[in-house]
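Each remark here refers to the structure printed beneath this line.
The values are calculated or read from the model by the stated rules, or taken from the named source; none is laboratory data. Since we're looking at a predicted model, the values are computed, not measured. Cβ placement follows ideal geometry from the backbone for every residue including glycine, while neighbour counts extend to all protein chains displayed.
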């Protein structure tokens, strides 16, 4: 069977978050979210500058980097000696100035912000002509359009993902925790912030996107005019409620009987054989589990980050640990965790209490107390796991979303804020997650502290500072389940570590933790803030003194 899909609508202009005109503060620092949006706008503007008859400067990989501050928009080009450098630099500068003027009118930038476009090959420290023409910078590093840059995103070389800046997984090891609902609501929150968003439903056995988004604007399946590197056909994505979307449910409504390598191949087709074109963020709704499909997606799509969805249930939390471990193995940072369906409140509790009080002649104080009891949220699956996630993995962004009966028939909050306070709180949680994700993508993956053991102490290097930490001091900071009770947070009663304990193995775990194997057989996992106070929350200044 050959898969086909609908023609994608023409790329819409970038919309900056916030419809109201705001006054820019001269020389004020840009927030990470605004910096990301500014860079997105600059790159979009540069796509209008032709490099060859077929490619613009972005598609050709000529744009080596984009900087955005309140004082300057900087564009660095990597032109070959055969190029008409003056003409290309002038055209790029004109495009960047037009973008700057639009951002000034919007209030995102101050009018004093300058535009600077430079050619790396013309700089004093430029690489030799042969190296530049071959696509290398002054240090001999490749200047490729798929090289990671916080401003440009992670451009892939494949035709299907060439215009996609960032690919983010929305994952859960356990089914039924609200992963697909979270994925679509996160997409809507990103869209409200002015980003172009695509959603790929990679769950072949249980596709949820058709139920969440409804039928596409045009259900006809079509081939895209683009072709893959090997000449293979690409699919056109569907358009559903403003998203570029793809799901096995749009292509085939019959049950999918497949397994193993065949399943992995179909999952790969759904995501990497679609002509997504220009997207700021592609969210991939991963199937539950840690099997072939998940590994295939991580290898093929090279996720920039992952959002893990769970519930406070101890059973679900055990699977969260497995999911985070999987992303660690494939070097994908976990951006945040959504703790879904954590509590439920009866929105009609006050009315029920008033009716009961009137019927039985209760006092006003008793009626108020009864209303408070009926309206109090109930923890359906137990206490929140947010503290455990922070202690064990160093994951700071844990979003808690309550169970909302009113969202059952229509679980996607596209219409904006709703009337009920709980529903407004849920939408605010998704907006907060979207903001955090944009800030993460804007700053890129931070360089973790360098930690070594010199035979006597840990040597910690971060932000041009170094410090030493005794092995026993670090050992006592261990927060694993053997050392600390997960429910109470109190230290467990166990024999003290030997005074001469030393680490035997050090292994970096993802971008936020270090695994240590001790000489007494104990295994610890330390978030980097155990070595550098404030690491991960933006307040770390360097290694501890």
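So here's what we get for this one:
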quantity: Whichever residue in segment 204-227 is under 23 Å from residue 295 (Cβ atoms) and touching a strand residue (DSSP E or B) at 6+ places or on another chain (Cβ under 6 Å) and, among such residues, is surrounded by the most Cβ atoms within 10 Å (Cβ to Cβ); calculated: 209
quantity: Enumeration of residues in segment 33-61 that are assigned to a loop (DSSP other than H, G, I, E, B), modelled with pLDDT of 80 or more and within 27 Å of the chain's Cα centre (by Cα); calculated: 47, 57
quantity: Residue check for residue 332: in a helix (DSSP H, G or I), within 29 Å of the chain's Cα centre (by Cα) and surrounded by 18 or more Cβ atoms within 10 Å (Cβ to Cβ); calculated: no
quantity: Selection from segment 263-319 of residues that are farther than 30 Å from residue 343 by Cβ, at pLDDT 85 or above, in contact with a helix residue (DSSP H, G or I) (Cβ under 9 Å, 6 or more places away or on another chain) and not in a loop (DSSP other than H, G, I, E, B); calculated: 280, 282
quantity: Per-region count, segment 495-515, residues at pLDDT 85 or above and assigned to a loop (DSSP other than H, G, I, E, B); calculated: 8
quantity: Boolean, residue 353 is part of a helix (DSSP H, G or I) and in the same structural domain as residue 439 (by TED's automatic domain parsing); calculated: no
quantity: Output for segment 433-459, where each listed residue is surrounded by 15 or more Cβ atoms within 10 Å (Cβ to Cβ), touching a helix residue (DSSP H, G or I) at 6+ places or on another chain (Cβ under 9 Å) and farther than 30 Å from residue 40 by Cα; calculated: 451, 453, 457, 458
quantity: Test: residue 256 is under 21 Å from residue 175 (Cβ atoms), assigned to a helix (DSSP H, G or I) and at pLDDT below 75; calculated: no
quantity: Matching option when the condition is in a helix (DSSP H, G or I) and on the phi < 0 side of the Ramachandran plot, among 217, 187, 224; calculated: 187
quantity: Answer from 351, 366, 386, 376 - the residue that is surrounded by fewer than 15 Cβ atoms within 10 Å (Cβ to Cβ) and in contact (Cβ under 8 Å) with a residue 24 or more places away in the chain; calculated: 376
quantity: Filtered residues of segment 459-479 (kept if assigned to a loop (DSSP other than H, G, I, E, B), out of contact with any strand residue (DSSP E or B) (no Cβ under 6 Å at 6 or more places or on another chain) and within 27 Å of residue 334 (Cα to Cα)); calculated: 463, 464, 476, 477, 479
